[in-house]
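Report on one structure; see the data block that follows.
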Amino acid sequence: MERYRQIISDWDKFSYYCSQPLPKTLRVNTLKVSLDMMEKYFKKLGWSFKRFDFCLWGYEVQTGDEISRTLEHWLGYYYIQEATSFISVLALQPQPGEKILDLCAAPGGKTTFIAQIVNNKASIWANDIGFRRIRALMANIYRMGAVSVIVTGYNGLSFPQKFKFDKVLLDAPCSGEGNMRKDPRRVKGAELGFINNISGLQKGLIQRAIDVLNPGGILVYSTCTLAPEENEMVIDYVLRKRKVKVEDIDLNIPYSQGITEWNGEKFHPDLAKTMRIYPHHLNSGGGYIAKLKKIG
Amino acid sequence: MPNSKKLVEEIKKYFEKRFGLSRKIWGHHIIILRNEIGWLINPQLYDWIFNIGNKAYSLGIPFVRLLPKGIKPTSWGLIFMGREITRNIIELGLEDLRGLLYRGRIKGSRDIETGYVALGYNGEIIGCGFYKDGVLENQIPKARRKSLLEILPQLK
Ligand SMILES: C[S@@+](CC[C@H](N)C(=O)[O-])C[C@H]1O[C@@H](n2cnc3c(N)ncnc32)[C@H](O)[C@@H]1O
């Protein structure tokens, strides 16, 4: 992670949070249970809880219990989810009636969140290449009661172009550096060779994601890594390859702007509209979010 | 699938009669028959489903299995309907639930006609069972049964 010292202004805070355990956070699934009802369950379970400032459905809970081991979790009343991973879906602003593609969807945290926001009243297509991960995706869709979702297993690079969408979420496969609080081995950062390799895949996926958007459609690109090669450099690349523009992300959360320069290389100035989320921003993992609009 | 309209109507009637589901449910959901499964979907998915052929692994949630001997409700489907189910629920206490999950069946005569039932625990619908001649059989699929067994010690 040392190589990010130059771009992370509050480095001491960043380092401190990286070394702290993650809080227990979850998303209440209002497809199945109301927030009032869930708060009653929390009380019954003896958990204390605090709602996220930026999202009605997000909660941090305090308990010694393993939060995946309750009947309420088994029934799909909540999904265990980090605060950072709410952001890409909130940035997407899914609306009822839309056709939405989640190109790399497994295990389904974001797919089922989209279904929840639109109250199962959109057409949601969840795709992933990993067969075992797709099984987890389906189980989560069923558990959360997301009847508005279909599942396929295409390689995202060759997702059929005859289908067109109003919105696409590309939560790309990445080096996962932002998961350092879950997995301390990640604190040292990913191998550059791996980063460069996966960056090639990300550039391929984002082009296909744009190709299946309707004109005027919205793409949200997200990763859970800090590497500029997988974040700003992917967006900078696609701004040159496809007719898209960077949109502001209208969310009231703490974040750092996307960088416009790295190792002497300058990027499109609009990359400053993209978001870097560091562990100290939401007391969560790290990640990156960019919102693009396809020019018609 | 042959006679699919007729079969879908049969499924709806079955749920009405056996589980007391209101007809109103079908204003928001439709059933699509594919691969021996009746899938419960939101009507907006309809367009895609007809263009995608057999490439989809999953459509909405699996609601019933179409077996040679008839319709079998899935546990996912019954859990989804949850409190909409008003008939043929077998409420289980913790000991019964434990017995059913460990042994696959429990004995105990009940005033219920032979057939599939919704298993209830603590006011929640937790899956599907089959009742015949004083024996209740578990129909919750293996992986789900296993994960439910794991949380049993936490249940009160
Ligand atoms: C960051 S994870 C997605 C997490 C998911 N969006 C969620 O919130 O639960 C990235 C996913 O990309 C999938 N993936 C990797 N390469 C892919 C490809 N070429 N096409 C489609 N999916 C791919 C992986 O199997 C993995 O499940």
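The values are calculated or read from the model by the stated rules, or taken from the named source; none is laboratory data. What you are looking at is a predicted structure, and each value in this text was computed from that prediction instead of being measured. Counting neighbours? That spans all protein chains shown, and the Cβs are built from the backbone with ideal geometry, glycine included.
Residue count for the range A:62-72 under the criterion of being buried (at least 18 other Cβ atoms within 10 Å of the Cβ) and more than 8 Å from chain B (Cβ to nearest Cβ): the result is 1. Among the residues of this structure, A:V118 does not count as one that is more than 10 Å from the ligand (Cβ to nearest atom), within 24 Å of A:I210 (Cβ to Cβ), at the interface with another protein chain (Cβ under 8 Å from one of its Cβ atoms) and not charged (D, E, K, R).
Yes or no, residue by residue, for (1) assigned by TED's automatic domain parsing to the domain that holds B:I30; (2) among the hydrophobic types (A, V, I, L, M, F, W, C):
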residue: B:I52; (1), (2): yes, yes
residue: B:S58; (1), (2): yes, no
residue: B:P68; (1), (2): yes, no
residue: B:R105; (1), (2): no, no
residue: B:F130; (1), (2): no, yes
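When A:Q93 is tested against (1) within 14 Å of chain B (Cβ to nearest Cβ); (2) on the phi > 0 side of the Ramachandran plot, just one condition goes unmet, and that condition is (1). Does A:I80 satisfy the condition of being in contact with a helix residue (DSSP H, G or I) (Cβ under 8 Å, 6 or more places away or on another chain), more than 13 Å from the ligand (Cβ to nearest atom) and under 21 Å from A:S222 (Cα atoms)? So A:I80 fails the test. Say whether the condition of being within 20 Å of B:I52 (Cβ to Cβ), within 14 Å of chain B (Cβ to nearest Cβ), crowded, with 20+ Cβ neighbours inside 10 Å and within 15 Å of the ligand (Cβ to nearest atom) is met by at least one residue in the range A:187-210. There is no residue in the range A:187-210 that is within 20 Å of B:I52 (Cβ to Cβ), within 14 Å of chain B (Cβ to nearest Cβ), crowded, with 20+ Cβ neighbours inside 10 Å and within 15 Å of the ligand (Cβ to nearest atom).
Taking the numbered list (1) part of a helix (DSSP H, G or I); (2) at the interface with chain B (Cβ under 8 Å from one of its Cβ atoms); (3) within 15 Å of A:D102 (Cβ to Cβ) in turn, A:Y142 passes all entries but (3).
Tell me whether the range A:116-130 contains one or more residues that are under 18 Å from the mean Cα position of the chain (by Cα), hydrophobic (A, V, I, L, M, F, W, C) and assigned to a helix (DSSP H, G or I). The answer is yes; a qualifying residue exists.
The set of residues in the range A:96-105 being within 13 Å of A:F165 (Cα to Cα), part of a loop (DSSP other than H, G, I, E, B) and away from chain B (no Cβ under 12 Å) consists of A:L103 alone.
For the range A:10-20, the criterion of being in contact with a strand residue (DSSP E or B) (Cβ under 7 Å, 6 or more places away or on another chain) and either touching a residue at least 12 places away in the same chain (Cβ under 8 Å) or in a helix (DSSP H, G or I) (or both) is met by no residue. Scanning the range A:159-176 for residues that are away from every other protein chain (no Cβ under 12 Å) and either surrounded by 22 or more Cβ atoms within 10 Å (Cβ to Cβ) or near the ligand (Cβ under 8 Å from one of its atoms) (or both) gives A:K167, A:V168, A:L169, A:L170, A:D171, A:A172, A:P173, A:C174, A:S175, A:G176. Taking the listed residues A:I295, A:I289, A:I277, A:I253, the one that is at pLDDT 95 or above, in contact with a Lys or Arg (Cβ under 6 Å, 6 or more places away or on another chain), of a type in the set (V, I, T) and under 22 Å from A:L219 (Cα atoms) is A:I295, with no other qualifying. Selection of the range A:144-158 for residues being within 20 Å of the chain's Cα centre (by Cα) and either crowded, with 22+ Cβ neighbours inside 10 Å or on the phi > 0 side of the Ramachandran plot (or both) yields A:M144, A:A146, A:S148, A:V149, A:I150, A:V151, A:G156.
Would you check if A:D65 is assigned to a loop (DSSP other than H, G, I, E, B) and more than 16 Å from the ligand (Cβ to nearest atom)? It is true that A:D65 is assigned to a loop (DSSP other than H, G, I, E, B) and more than 16 Å from the ligand (Cβ to nearest atom). Of everything in the range A:127-164, what is among the small types (G, A, S) and farther than 17 Å from B:S147 by Cα? Give them in sequence order. Within the range A:127-164, A:G130, A:G145, A:A146, A:S148, A:G153, A:G156, A:S158 qualify.
For A:N140, are the conditions met, namely being farther than 12 Å from A:G153 by Cβ and either near the ligand (Cβ under 10 Å from one of its atoms) or surrounded by 24 or more Cβ atoms within 10 Å (Cβ to Cβ) (or both)? When the stated conditions are applied, A:N140 passes them. For the residues A:G153, A:G108, A:G130, the requirement of being within 9 Å of the ligand (Cβ to nearest atom), without any contact (Cβ under 8 Å) to a residue 60 or more places away in the chain, over 20 Å from A:S88 (Cβ atoms) and within 14 Å of chain B (Cβ to nearest Cβ) singles out A:G153. For the range B:17-36: of the residues being crowded, with 18+ Cβ neighbours inside 10 Å and part of a strand (DSSP E or B), which is farthest from the other protein chains (Cβ to nearest Cβ)? Across the range B:17-36, the extreme among qualifying residues is B:L33.
Quick one: would you say A:R181 is more than 14 Å from chain B (Cβ to nearest Cβ), surrounded by 16 or more Cβ atoms within 10 Å (Cβ to Cβ), away from the ligand (no atom under 15 Å from the Cβ) and not aromatic (F, W, Y)? In short, yes.
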